[in-house]
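Here is the structure we will look at, set down as structure tokens.
The values are calculated or read from the model by the stated rules, or taken from the named source; none is laboratory data. The model shown is predicted, which means the values in this text are computed figures rather than measured ones. Using ideal geometry, Cβ is built from the backbone for each residue, glycine included, and neighbour counts are taken over all protein chains shown. When the accessible area is computed, the model is the full protein with side chains, heavy atoms only, and any ligands, DNA or RNA have been set aside. Shrake-Rupley method; radii C 1.70, N 1.55, O 1.52, S 1.80 Å.
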Amino acid sequence: MRDTRQKSQTTMTLIDHIRELRVRLLVSALILVIAGVGVYFLYEPILALLRSPLGTPLYYSSPAGSFAFVMKICFMGALAITIPIIVYNLIMFIRPAFVAAIPKRRVYMTSLASGVLAAAGATFGFLVIIPGALHFFAGFQVDGLSALISADSYLSFVTNVIITFILVFQLPLVLTFIDRIKPLTPKSLFKAEKWVILGSLIISFLVPFALDITTSILIALPIIVLYNLSIVAILMHHARVATRQRKMERVML
């Protein structure tokens with residue numbers, strides 16, 4: 001009888017989690033659509049901004065090419081806007097398993113920090129990586145051949161760069177978040193740095209938009225810097241926790 005009751009409770013808990021996941025996915029999708037509609041009214045200045053590093057006209061080769069291009073801009077802009085909301089819903093979904101380690105205040109701060117880091121990553125990719133990569137590609141122009149760059153190819157290139165650096169710039173957030181759930185020792189983080197450096201170099205040579213050594217270094221460098229900033233943030237957090245514990249011990253004495 002008790003086993004049956006426990007199985008029923010487990011089933012209900014699983015069903016509740018599935019329902020919560022569905023609701024959070026629907027909310028995130030709805031906000032994404034609303035943000036996309038908002039971006040649609042601003043797509044012309046966004047298009048001008050995205051084209052600015054290229055400096056040449058873009059072309060499309062199908063009747064629906066212009067529409068598809070605008071829709072991709074709307075989706076990319078909406079995704080960038082809703083990153084904090086997506087992160088918030090993701091954390092809130094896993095929070096019941098780590099209530100003590102993830103207070104509500106921490107959820108809000110993490111979501112806000114995710115948006116700030118995403119904006120920083122997108123800005124770095126757009127202002128540093130894209131112009132550098134385009135300058136490198138322009139150096140291989142051949143006499144008698146003229147570039148006819150399609151809007152779809154160019155947007156895919158820009159999107160790949162921006163999304164890559166949005167994800168890369170989330171590294172401090174991921175490490176500090178893991179540290180809140182299961183404390184990471186600074187010693188282990190410093191020991192892992194050589195693997196982070198190696199991994200960042202491998203990533204920098206594998207991404208399709210890094211075909212020269214300068215761009216590869218510019219991709220690897222932020223990963224290494226952000227990893228070390230994460231270690232500093234974790235050390236500061238551990239120091240604050242230790243200080244609070246000492247104060248509590250003195251009060252108890």
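For this structure, a couple of remarks:
- Which of His237, His135, His17 is most accessible, then next, and so on - probe 1.4 Å: His135, His17, His237
- Compactness of the chain was expressed as the Cα radius of gyration divided by 2.2 N^0.38 Å, which yields 1.28.
- Rg over Rh, two decimals, segment 121-246 (C-alpha only, Kirkwood Rh): 1.13
- Helix runs (DSSP H) in the chain reaching 27 Å along axis by Cα, Kyte-Doolittle at least -0.5: 2-40, 65-94, 104-124, 213-252
- Centre-to-centre, using Cα atoms only, segment 193-240 and segment 148-183 are separated by 13 Å.
- Surface listing: Val207, Val225 arranged by accessible area from highest to lowest gives Val225, Val207, probe 1.4 Å.
- With every protein chain in place and a 1.4 angstrom probe, the accessible-area ranking of Met109, Met236, Met76, largest first, reads Met236, Met109, Met76.
- When a 1.4 Å probe is rolled over the protein heavy atoms, the share of accessible surface on the chain that falls to carbon and sulfur comes to 72 percent.
- Percentage relative contact order, the chain, counting C-alpha pairs under 8 Å, at least six apart: 19
- C-alpha center-to-center spacing [segment 61-135, segment 41-60] in angstrom: 21
- What you get for the chain, charging only the Cβ of Lys and Arg (+1) and of Asp and Glu (-1), is a dipole of about 1740 debye around the Cα centre.
- Highest to lowest packing among 215-222, 55-62, scored as the average C-beta count within 10 Å: 215-222, 55-62
- Mean accessible surface per residue for the chain, computed with a 1.4 Å probe while every protein chain stays in place, in Å²: 64
- Heavy-atom accessible area for Val23, with the other protein chains in place and a 1.4 Å probe, reaches approximately 90 Å².
- Accessible surface of Val251 - all protein chains present, 1.4 Å probe, nearest 10 Å²: 120
- Enclosing the Cα atoms of segment 30-107 in their convex hull gives a volume equal to 134 cubic angstrom per residue.
- Using a Förster distance of 41 Å, the FRET efficiency for Lys187-Ile15 (Cβ separation, nearest 0.05): 0.45
- Between Ala138, Ala151, Ala35, the residue with the greatest mean-square fluctuation in the GNM of the chain (Cα pairs under 10 Å linked by springs) is Ala138.
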